[in-house]
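Here the structure comes first, spelled out in structure tokens, and everything after it is commentary.
The values are calculated or read from the model by the stated rules, or taken from the named source; none is laboratory data. Quantities reported herein were computed from a predicted structural model and do not represent experimental measurements. In this analysis, Cβ positions are derived from the backbone assuming ideal geometry, glycine residues included, and neighbour counts consider all displayed protein chains. Remember, those area values only see protein heavy atoms, side chains included, never the ligands or the DNA or RNA. Shrake-Rupley method; radii C 1.70, N 1.55, O 1.52, S 1.80 Å.
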Amino acid sequence: MAVAGLYRRILPSPPAIEFASSEGKRLFSESLQNGTMEGFFKLISHFQTQSEPAYCGLASLSMVLNALAIDPQRKWKGPWRWYDESMLDCCEPLEKVKAEGITFGKVACLAQCAGAKVESFRTNQSTIDDFRNHVVKCTSSEHCHLIASYHRKPFKQTGTGHFSPIGGYHAESDMALILDVARFKYPPHWVPLALLWEAMDTLDEATGRPRGFMLISSHQRAPSLLYTLSCRDESWASMAKYLIDDVPILLKSEDLKSVHDVLSLLLMSLPACAGNFIKWVAEVRRQEEEGSSLSKEEKDRLAAKEEVLHQVHETELFKCVTDLLSSSTSNCKLRKKDSLTEIAANVCCEGAALLCGGLTSRNGICCRTCIRCLKDNGNKHTTVVSGTVVSGGGSEQAVDMLVPVSKAMTGSSCDTTLNNCIVMHPANNDVLTVLLLALPPTTWLDIKDESLLAEIQGLVSTENLPDALQQEVLHLRWQLHYLKRCKDKEVDTDLTLP
């Protein structure tokens, strides 16, 4: 009986050695003894087979992200947050990847957008000795993993370009273990490191540039504690263009004589989609799972967010932005007063949708929203918004939203009074402040008036910002840099960071 299709391929050996062979087991045992299989166990715990023939880059990356325990901050299935190939869709449409595969630069872009720390090297930016050192470093630790982009031909394998993680290194034979994500085709196998370098040192026909390798690890702290840029809305490209390309042109105006003039011009010129581009991050939880009290981890995360918010409020730029938004002459598209109740309704609906796949923010409504100001043993206030989300079908989900707050300044337009607890939740003025701080330093150089330029540079300088806020701003600046490069299709020509 004839059977359509192919069932695996025979692994050409040499040059490869199958992982499950007696020789492969010997290499594994000796490498384990020598300490260069440390990353293997985390990777093998999350080893997956690519779900599409062209998804090797996505499968390799989701495998590594899960091995590093990086939270995707979005639902996979049911209530679970977990990386899957289908989640890696921000830098390249999945349909395009399915049809054409993905380039080296786009995989690095996806890793960055997922919140990982990424160091990318094409073979023309490194040497085989440096590569070997990186392999040893990553295989000797469970906190760093290496993904190789290579051509299969040097290994006498069928196919062309491919991505897979490196799971181990055998020093005596100078061989690396490839955890091939195309498991329907080839099993995991050991290859000579020199031959792997040769396989990477080939040109990708899609870009005309060499392949290479990337080191992926976790940041010591969450890259975004309170603020993040979003490319989920289709308008992100126009917003990125405005901030990187249009703002410097606007600042060439001869009419700018004061800080008020500069800020007024920029805020009035903001695209209508600005509110969808930068967001503050709220934490939502099921009421029935956690009860009314906060865990230590929740308190710590909330405290970190509140510290960032407080540091934003202490900047001189925040005071300037707040004054401008409070002015009767301000025409900023984001001037509308932030209502915590309205914010809570939207966030609780989105949170309920993430926590139980049956609800969506479009057909769900929030009702019985209640804002509470709780005190812990140290009399510290915690603002919790409790709500019940009702879907169009009548199903209900009770949720809590944990709100980072800061002591309100006199005259603030966005205070919320709860049982004599005066608080200030994240609002348009601090979001705009952080967005302005995140603009590249070169943005302001075309201001004609030298004294005004110096004043603006003093307001937006990150050098003297407190550590938490500085890291938040630098991460947003990096996000903006990467999104602009994605828009301009430059991620495959320049892998440097801003």
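The single residue among V262, V247 that is under 19 Å from R477 (Cα atoms), of a type in the set (V, I, T) and modelled with pLDDT of 70 or more turns out to be V247. Looking at segment 51-64, which of its residues are buried (at least 23 other Cβ atoms within 10 Å of the Cβ) and farther than 14 Å from G39 by Cβ? Once the filter is applied, which keeps residues that are buried (at least 23 other Cβ atoms within 10 Å of the Cβ) and farther than 14 Å from G39 by Cβ, segment 51-64 yields Y55, C56, G57, L58, A59, L61, S62.
Entry remark, segment 184-212: residues being among the small types (G, A, S), open to solvent by 30 Å² or more (accessible area, probe 1.4 Å), under 30 Å from W478 (Cα atoms) and touching a residue at least 24 places away in the same chain (Cβ under 8 Å) number 1 in total.
Of the listed requirements (1) within 30 Å of the chain's Cα centre (by Cα); (2) modelled with pLDDT of 95 or more; (3) buried (at least 22 other Cβ atoms within 10 Å of the Cβ), L215 misses just one: (3). The set of residues in segment 441-458 being open to solvent by 80 Å² or more (accessible area, probe 1.4 Å) and β-branched (V, I, T) consists of T442 alone.
Pairs meeting the criteria (first residue in segment 156-178 and more than 24 Å from P53 (Cα to Cα), second residue among the β-branched types (V, I, T) and open to solvent by 10 Å² or more (accessible area, probe 1.4 Å), beta carbons under 8 Å, at least 6 apart or on different chains) are G168/T36; Y169/T36; Y169/V136; H170/T36; A171/T36; A171/V136; M175/I17. Among the conditions (1) modelled with pLDDT of 85 or more; (2) in a helix (DSSP H, G or I); (3) not β-branched (V, I, T), the only one that M239 does not satisfy is (1). Restricting K75, K98 to those that are crowded, with 16+ Cβ neighbours inside 10 Å, out of contact with any Ser or Thr (no Cβ under 8 Å at 6 or more places or on another chain) and part of a loop (DSSP other than H, G, I, E, B) reduces the list to K75. The condition of being over 23 Å from A199 (Cα atoms), touching a Ser or Thr at 6+ places or on another chain (Cβ under 7 Å) and either at pLDDT below 95 or open to solvent by 70 Å² or more (accessible area, probe 1.4 Å) (or both) holds for only one of Y83, Y7, that being Y83.
Would you please name the residue that is least open to solvent (accessible area, probe 1.4 Å), looking only at residues in segment 127-180 that are assigned to a helix (DSSP H, G or I) and of a type in the set (D, E)? Only one residue fits best here, namely D130.
The set of residues in segment 22-43 that are part of a loop (DSSP other than H, G, I, E, B) and buried (at least 16 other Cβ atoms within 10 Å of the Cβ) comprises T36, M37, E38, G39. For A59, the conditions (1) in contact (Cβ under 8 Å) with a residue 40 or more places away in the chain; (2) in a loop (DSSP other than H, G, I, E, B); (3) among the aliphatic types (A, V, I, L, M) are fulfilled apart from (2). Counting only strands (runs of 3 or more DSSP E) wholly contained in segment 394-498, no element carries 2 or more residues that are modelled with pLDDT of 85 or more and more than 16 Å from T228 (Cβ to Cβ).
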